[in-house]
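Values in this text are rule-based calculations from the coordinates and carry no lab data. Everything quoted here is computed from the prediction, not taken from an experiment. All Cβ positions, even for glycine, are placed from backbone atoms using ideal geometry, and neighbour counts span all protein chains on display.
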Amino acid sequence: MDFIVCWKQVPETAAVKLNSGTGVLMRAQYQGIANPEDRHALEMAIQLKARHGGTIRVLTMAPENGGEILRQALAMGADEAYHITDPQLRGSDATVTARVLAKAIRKLGESPDRLVMLGRRSSDGATGMVGPALSLLLDLPLLTALGQVVIDQERVSAEQWLAGKLRQLAAMLPALLTITRQANTPRLPNAMQVMKAARKPLVVWSIADLGLTPANVGHDGSPTRVVRVFYPEKRPKAEIFTGDPEQVVAALNTRLGRFLHG
Amino acid sequence: MAENPWDYYLSEQEAALANVAGTLNTTGGYRNIWVFAETTDGFLHDGVREILGKARELGDMLGTRVQAALLGHNVRQLAEDLFSYGCDTVLVAEHPLLANYLAEPYTNALCQLVERYKPEILFFSGTHQGEELAPRLAIQLGCGVVADVVSLDLDDAERLARFTRSTFGDRVLSTSIIPQLRPQIACLRIGAFRAAGFDRQRRGEIAEVPLELANDCAPVKILKEEPLTAIPLEETKVIVAGGKGMGGAPGFAKLEELAKLLKGQVAATRSAVAAGWATGDRQVGMQGRKVSPELYVAVGIAGSLEHQGGMNTARTVVAINRDPDAAIWQIASYGVVGDWQEILPAWIARLSGLLISKR
Ligand SMILES: Cc1cc2nc3c(=O)[nH]c(=O)nc-3n(C[C@H](O)[C@H](O)[C@H](O)COP(=O)(O)OP(=O)(O)OC[C@H]3O[C@@H](n4cnc5c(N)ncnc54)[C@H](O)[C@@H]3O)c2cc1C
Ligand SMILES: Nc1ncnc2c1ncn2[C@@H]1O[C@H](COP(=O)(O)O)[C@@H](O)[C@H]1O
């Protein structure tokens, strides 16, 4: 089996600040972490590899420091790690990100028993668009929002968690899967694995290595343009009730009338 | 020193801001506003009404037609409802391969429609189907797509939609445009837009669109399909959520009682999930579900930014917390400063009383 896991660096959550004068986001000091659902995707690849053999390659498109999270992937059990990084990639939107990842995956060659695995959504943008876009670019069957995944000969079958229903899907390999947190509990590497991972080489690719030019990527290559960044409006200050529980809940009920009738 | 990952995200936005001046707009030949009329099991999805509400508003401003792309097998009769919600034209594309939603045949069919009729704007609901189709269509057609839109307006001089989406767990909003490519594609977040009114008298036009779908255009097979009994959290109108302040499973049992009376479902913070009082699929927040219910009752929840990231688009937030300085008060509309152990039983008793007297 040939597993390729797309692993995204997202900012650790914390206070995001805007410069009140310019409306521009201020730089803050935060660590990049691996997108939570991508850990589930890698965990799944590791478990499937244990059963069926093969190699796991992890791929990230991230700024220069993205190597850190790739080391985490290696420590968890990935075999090889690829870091796509280039100053020109700044400002790439979801479709461009998918195009860059598609180029990189094509550069890894063709394989009949390949599974490309992603998290269903990233926690910062949470658009969930990269997987579906990538499946089209690579012309792979798309299976999203997966829990359990089973490989049987050349076929992959999986349970898909949708709003209000559970579907059992199947497709022939190669295929592209997006994984949800229902799938498993990602392992934590031990100190030994972390140390070993620190010594493993990373493959670093620039856009030129992928046959892309600045016009294809980043701001210039992205169809969408950000025109404004701002804080959400503050809600009106809460109306707070205190005192005797009986009176308090009566007051609540009056305010919530429309939910209680009909 | 290594570059800080935030710098990457943030300067990306700054540079983008500098980039907009003098964008050029070529709408050549693209007109009308489209909605994807999503169906499941032969019914229109509720979200269709919401995206139609917005589409109608924009259509009236621009003086263009509002059209729905209705894909499926034996779905024609749904066109009546779409007219009632404000559609002028329904493009009906039926095919046996579209009987059940699957990304590949639906992408293929929708591309055929868009290429033939060239809409200016195309809206999807931010559902599973929308999230799959919108980016695939954008790639196939080489145009732009914006996901998880929470509000939108129009630069009518330029005929550009301005899509506002939330990032970093709803803590920062950003507005994007798609200056050059058509159609402008977007997924609108469920619950964020007002549903279109219903007018039985309204009539429209049906256009049947023949499709060419090859038999091998559906590489994914559905082996089995079963309903999940609960409505997903994302689609319930009322959510009753508990946090660490519930103190244990008995507290969550009280929340269940309240949820039942309010016809809602129970959710939880990460701390409550970690304590084992609720299952992980109930977690709301940046690392959990993102919900926009009509009513969100937060009990014993501090209101961390991480939790807010999954629920601060709720229309009305009610909090019960004994700490008058808890962060949850920043986003609550109403609430009680006090111990839930006193408030909840009184509230439950009063609500059950209401229900009995209504009978
Ligand atoms: C990377 C990251 C991601 C995270 N993602 C999420 C996420 O997705 N979702 C999430 O929820 N959290 C998330 N968190 C955790 C988050 O930071 C908070 O720790 C968590 O939300 C706190 O949960 P809580 O409000 O239930 O608990 P607490 O902070 O312990 O608050 C409990 C509240 O209950 C009140 N209280 C106590 N007893 C009573 C009583 N008897 N009656 C009334 N009120 C009472 C207290 O006044 C207090 O305000 C994340 C954290 C990190 C670092
Ligand atoms: N820059 C990236 N590098 C590698 N993988 C990515 C990148 N962006 C997105 N992905 C993958 O695509 C999934 C969905 O991301 P998104 O569309 O941003 O919600 C993530 O969970 C990752 O698996």
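Within the set A:LYS165/B:LYS221; A:LYS8/A:LYS103; A:LYS103/B:LYS118; B:LYS54/B:LYS118, which residue pairs have Cα atoms separated by over 21 Å? Beyond 21 Å: A:LYS103/B:LYS118. Fewest neighbouring Cβ atoms within 10 Å first, the residues A:VAL149, B:VAL317 line up as A:VAL149, B:VAL317. Note on A:THR254 and A:MET172: the extension gain reaches 23.8 nm, defined as 0.36 nm multiplied by sequence separation minus the Cα-Cα distance. Counting Cβ atoms of other protein chains within 10 Å of each residue's Cβ and taking the mean over peptide A:131-143 gives 5. When DSSP beta bridges are restricted to pairs lying wholly in chain A, around 40% turn out antiparallel.
For segment A:2-221, a simple Cβ point-charge model (Lys and Arg +1, Asp and Glu -1, everything else neutral) yields a dipole of about 380 debye relative to the Cα centre. For the segment B:128-134, counting C-beta atoms of other chains within 10 Å of every residue's C-beta and taking the mean gives 6.
Using every pair of separate Cα atoms, the Kirkwood estimate puts the hydrodynamic radius of chain A at 20.7 angstrom. Scaling against 2.2 N^0.38 Å puts the C-alpha radius of gyration of the protein assembly as shown at 0.96. In loop segments of segment B:199-246 as defined by DSSP, the trypsin sites (Lys or Arg not before Pro) with at most 11 further C-beta atoms inside 10 Å of their C-beta are B:ARG200, B:ARG203. For segment A:168-208, backbone nitrogen atoms closer than 13 Å to the point 7 Å from A:ASP152 Cα along Cα-to-C-beta are found at A:168-172. Projection of the Cα convex hull of segment B:24-133, averaged over all directions and equal to a quarter of that hull's surface, yields 6.8 nm². Sorting the segments A:43-53, B:41-51 by their mean number of nearby beta carbons within 10 angstrom, highest to lowest, gives B:41-51, A:43-53. Seen from all directions on average, segment B:194-324 presents a Cα convex hull projection of 13.2 nm².
The base-10 log of I(q)/I(0) for segment A:115-174, evaluated at q = 0.15, 0.25 Å⁻¹, reads -0.47, -1.15 [Debye formula, identical scatterers on Cα atoms, solvent excluded].
Look at the stretch A:77-90: the mean tally of other chain Cβ atoms within 10 Å of its residues' Cβ atoms is 1.
Sorting A:223-229, B:123-129 by their mean Cβ neighbour count within 10 Å, with the most densely packed peptide first, gives B:123-129, A:223-229. Since only A:HIS40, B:THR164, B:GLY309 are under comparison, the one whose Cα sits farthest along the positive direction of the charge dipole of the protein assembly as shown, derived from C-beta charges on Lys, Arg, Asp and Glu, is B:GLY309. For A:LEU202 and B:ARG315, the FRET efficiency from 1/(1 + (r/R0)^6), where r spans their Cβ atoms and R0 equals 41 Å, is about 0.30. With a Förster radius of 45 Å applied to the beta-carbon distance between A:ASP113 and B:ILE231, the computed FRET efficiency rounds to 0.70. Rounded to the nearest 20 debye, the dipole magnitude of chain B is 940 debye, with +1 charges on Lys and Arg beta carbons, -1 on Asp and Glu beta carbons, and the Cα centre as origin.
Among A:GLY257, A:PRO174, A:SER222, whose Cα sits farthest toward the positive end of the charge dipole of segment A:158-262 (+1 at Cβ of Lys/Arg, -1 at Cβ of Asp/Glu, about the Cα centre)? Going by the Cα projections, it comes out as A:PRO174. Sequence-distant contacts, meaning Cα pairs under 8 Å at least 6 residues apart, place the relative contact order of segment A:126-262 at 14 percent.
Each of A:MET192, A:MET76, A:MET61 was scored by other Cβ atoms within 10 Å of its Cβ. Arranged with the fewest first, they read A:MET192, A:MET76, A:MET61. Only helical runs count toward this figure. For chain A, summing -39,500 (n - 2.57) over DSSP H runs of n ≥ 4 and dividing by all residues gives -8500 deg cm²/dmol at 222 nm. Enclosing the Cα atoms of chain B in their convex hull gives a volume equal to 191 cubic angstrom per residue. Globularity index of segment B:288-359 is 1.21 (Cα radius of gyration / 2.2 N^0.38 Å, N = number of residues). The relative contact order of chain A comes to 23 percent, based on Cα pairs under 8 Å that sit 6 or more residues apart. How large is the translational diffusion coefficient of segment A:104-210 in µm² per second when you combine the Kirkwood radius over alpha carbon pairs with Stokes-Einstein at 25 °C and 0.890 mPa s? Approximately 155 µm²/s, per Stokes-Einstein. In chain B, the DSSP-assigned H stretches of four residues or longer account for a calculated mean residue ellipticity at 222 nm of -9000 deg cm²/dmol, using -39500 (n - 2.57) per stretch and the full residue count as denominator.
Of the GluC sites (Glu not before Pro) found in segment B:174-239, the ones in coil according to DSSP and having at most 10 other Cβ atoms within 10 Å of their Cβ are B:GLU212. A DSSP coil position with no more than 11 other Cβ atoms inside 10 Å describes the following GluC sites (Glu not before Pro) in segment A:98-202: A:GLU110, A:GLU154.
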